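**Q** There's a structure below that I have some questions on.
The values are calculated or read from the model by the stated rules, or taken from the named source; none is laboratory data. Here the structure is a predicted model, which means the values were calculated and not measured. Cβ sites come from the backbone with ideal geometry, for glycine too, and all protein chains shown count toward neighbours.
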Amino acid sequence: TPPVASAVVSGSAAEKAGIRTGDRIVAIDGRETERFEQITQSVFHRPGETASVAVQRSGQTLILPVVIGARK
């Protein structure tokens, strides 16, 4: 089962891309995700680059471009 976004931080790259609490994160850059750990391991981009994130919401799959932010 793909991981679920349990919370989306205000002002984060995820929020800016349109990811919402409750979205299932099914793939990043075409790589399927089955565990939360895979999300951080799947992103091979530098800050400012864009990753393609597939989420399932209300029975639909959406592809959202996420601009990677700097890690804190």
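**Q** For segment 1-25, give me each residue that is polar (S, T, N, Q) and without any contact (Cβ under 8 Å) to a residue 24 or more places away in the chain. Break it down stepwise before answering.
**A** Within segment 1-25, the subset polar (S, T, N, Q) is 1, 6, 10, 12, 21.
Answer for segment 1-25, where residues must be polar (S, T, N, Q) and without any contact (Cβ under 8 Å) to a residue 24 or more places away in the chain: Ser6, Ser10, Thr21.
Okay, residues lined up against (1) farther than 11 Å from Pro2 by Cβ; (2) in contact with a helix residue (DSSP H, G or I) (Cβ under 8 Å, 6 or more places away or on another chain); (3) acidic (Asp, Glu):
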site	(1), (2), (3)
Val26	no, no, no
Gly30	yes, no, no
Glu37	yes, no, yes
Gln56	no, no, no
Ile68	yes, yes, no
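**Q** Say whether the condition of being of a type in the set (Lys, Arg) and at pLDDT 90 or above is met by at least one residue in segment 44-53.
**A** No - not one qualifying residue is present in segment 44-53.
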